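Novice: A single structure is presented below for examination.
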Amino acid sequence: MAFAQTQQIQAEQAVAVALATLAQLLGTKPETISIEPGPLLQAPAAPQVPDVAAAQRPLAIAREAAVTEVKAREKALDGSTIRVSIFRAPLMRAHRHSAGRSHWWSGQWPRT
């Protein structure tokens, strides 16, 4: 019980200090200021959400556009890639640079 009374006294002191500060800022006496309850102390009305299909919401449209863009990029890049076996690549390089040399490995390393 004593704890509750202490809290009440502290709350009343906080209100008095706030009123004195407000009165000082307004240039009036604290006794002339009163708190009038208004609509801000009432619970707000429940927001009315429009009935819109999920696919027509702005975030869904933006995400769908991003997915479409990625798919278009994948399709554009799909035909432009060159597939080379990592096992045949050294042989192809050696063959290209050998120019009549007898060994497939000749021409891979520069001569010093």
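The values are calculated or read from the model by the stated rules, or taken from the named source; none is laboratory data. Just so we're clear, the structure is a prediction, and the values are computed from it rather than from any experiment. Counting neighbours? That spans all protein chains shown, and the Cβs are built from the backbone with ideal geometry, glycine included.
Novice: So if I check each of Leu25, Leu19, Leu40, which one is at pLDDT 80 or above and loosely packed, with under 10 Cβ neighbours inside 10 Å? Reasoning before the result, please.
Specialist: Numbers: Leu19 fails: loosely packed, with under 10 Cβ neighbours inside 10 Å; Leu40 fails: at pLDDT 80 or above.
So the residue among Leu25, Leu19, Leu40 that is at pLDDT 80 or above and loosely packed, with under 10 Cβ neighbours inside 10 Å is Leu25.
Novice: Suppose we filter the range 30-47 for residues that are touching a helix residue (DSSP H, G or I) at 6+ places or on another chain (Cβ under 6 Å) and either among the charged types (D, E, K, R) or part of a loop (DSSP other than H, G, I, E, B) (or both); how many remain? Write out each step before concluding.
Specialist: First pass over the range 30-47, keeping only residues touching a helix residue (DSSP H, G or I) at 6+ places or on another chain (Cβ under 6 Å): 30, 33.
Pick out the ones that are also either among the charged types (D, E, K, R) or part of a loop (DSSP other than H, G, I, E, B) (or both) and you get 33.
So the answer is 1.
Novice: So Pro50 fits all but one of (1) closer than 30 Å to Val17 by Cα; (2) not in a helix (DSSP H, G or I); what number is the exception?
Specialist: All conditions pass for Pro50, except number (1).
Novice: Could you go through the range 58-79 and let me know if any residue there is of a type outside the set (Asp, Glu) and at pLDDT below 75. Full working, then the answer.
Specialist: Step one: of the range 58-79, the residues of a type outside the set (Asp, Glu) are 58-63, 65-68, 70-73, 75-77, 79.
Cutting the leftovers down to at pLDDT below 75 gives us 79.
Looking through the range 58-79, at least one residue is of a type outside the set (Asp, Glu) and at pLDDT below 75.
Novice: Taking Ala72 as the residue in question, decide whether it is surrounded by 10 or more Cβ atoms within 10 Å (Cβ to Cβ), assigned to a helix (DSSP H, G or I) and touching a Pro at 6+ places or on another chain (Cβ under 8 Å).
Specialist: Working: surrounded by 10 or more Cβ atoms within 10 Å (Cβ to Cβ): yes; assigned to a helix (DSSP H, G or I): yes; touching a Pro at 6+ places or on another chain (Cβ under 8 Å): no.
In short, no.
Novice: Within the range 84-106, does at least one residue satisfy the condition of being surrounded by 10 or more Cβ atoms within 10 Å (Cβ to Cβ), among the small types (Gly, Ala, Ser), modelled with pLDDT under 85 and part of a loop (DSSP other than H, G, I, E, B)?
Specialist: Quick first cut of the range 84-106, residues surrounded by 10 or more Cβ atoms within 10 Å (Cβ to Cβ) only: 88-95, 97-98, 101, 104-106.
Subsequent filtering for residues that are among the small types (Gly, Ala, Ser) retains 89, 94, 98, 106.
Subsequent filtering for residues that are modelled with pLDDT under 85 retains 89, 94, 98, 106.
Now drop any that are not part of a loop (DSSP other than H, G, I, E, B), which leaves 106.
Looking for residues that are surrounded by 10 or more Cβ atoms within 10 Å (Cβ to Cβ), among the small types (Gly, Ala, Ser), modelled with pLDDT under 85 and part of a loop (DSSP other than H, G, I, E, B), one finds at least one in the range 84-106, hence yes.
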